[in-house]
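J.: Okay, here's the structure, questions in a sec.
Throughout, read-outs are computed from the coordinates displayed, never taken from laboratory work. For clarity, every value in this text was computed on a predicted model and none was experimentally measured. In this analysis, Cβ positions are derived from the backbone assuming ideal geometry, glycine residues included, and neighbour counts consider all displayed protein chains.
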């Protein structure tokens, strides 16, 4: 039976995680497996690797063949280098002490490299975050300035409207006062124009009254004369009748 060290997918869509498993080469990728020896999460930077190196080395020494991705993961954790040293120990080309010493040196050097890479990555992330923060700060300042400008413009427009309304009200009030003054002046002029005519009428009225009074006096003056004539005529007639 051919045995492989490979990855079995799990996790949700676009956020896949993988289990490092020992499985039959004929089994499907996410099917049955013999043993789980670790996990791999590529969604973080750097990728998270958790491997049981002893079990992985034991299966490799038994002839299990890792896939390309699994080989890269095992190489990252030093399993493949340890397998190379162990083969040398088994052949007698190197002692176990030297093999362990070489692996310890390799492991420390690998940890140092990983730490330097992590520091560079952290520094780059901090730089990107700082640049992003400055860009966002600039955008916020520009936005705040634009908002302040719009606010000032709105206040200026409102002040102008209030001023225009006050001026319009003042002009209207002055216009009304001027119209009222003109109206009063016209009324006074009309009253002044009508006053002489009334004086003339009043002055003419006494003359007419006096004329009427004169006529009445004349009638009264004529009336007694006629009465006296009539009385003399009556006396003459009576005298004539008596003589008869």
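J.: Taking the range 35-45 only, how many residues are farther than 16 Å from residue 63 by Cβ and part of a strand (DSSP E or B)?
T.: Of the residues in the range 35-45, 5 are farther than 16 Å from residue 63 by Cβ and part of a strand (DSSP E or B).
J.: Let me ask something else. Condition first: exposed (fewer than 13 other Cβ atoms within 10 Å of the Cβ), in contact (Cβ under 8 Å) with a residue 40 or more places away in the chain and closer than 28 Å to residue 101 by Cα. Now tell me which residues in the range 28-63 satisfy that.
T.: Passing the criteria: 46, 62, 63.
J.: Shifting gears a bit: Can residue 131 be described as part of a helix (DSSP H, G or I), farther than 30 Å from residue 46 by Cβ and without any contact (Cβ under 8 Å) to a residue 12 or more places away in the chain?
T.: No; evaluated as a whole, the condition is false for this residue.
J.: Go through the range 8-34 and report how many residues are within 18 Å of residue 71 (Cβ to Cβ) and in a strand (DSSP E or B).
T.: Number satisfying all stated conditions: 8.
J.: Identify the residue in the range 64-98 that is in a loop (DSSP other than H, G, I, E, B) and touching a strand residue (DSSP E or B) at 6+ places or on another chain (Cβ under 7 Å) and, among all such residues, is surrounded by the most Cβ atoms within 10 Å (Cβ to Cβ).
T.: That would be 64.
J.: Can you give me the number of residues within the range 99-118 that are exposed (fewer than 13 other Cβ atoms within 10 Å of the Cβ) and within 60 Å of the chain's Cα centre (by Cα)?
T.: Result for the range 99-118: 10.
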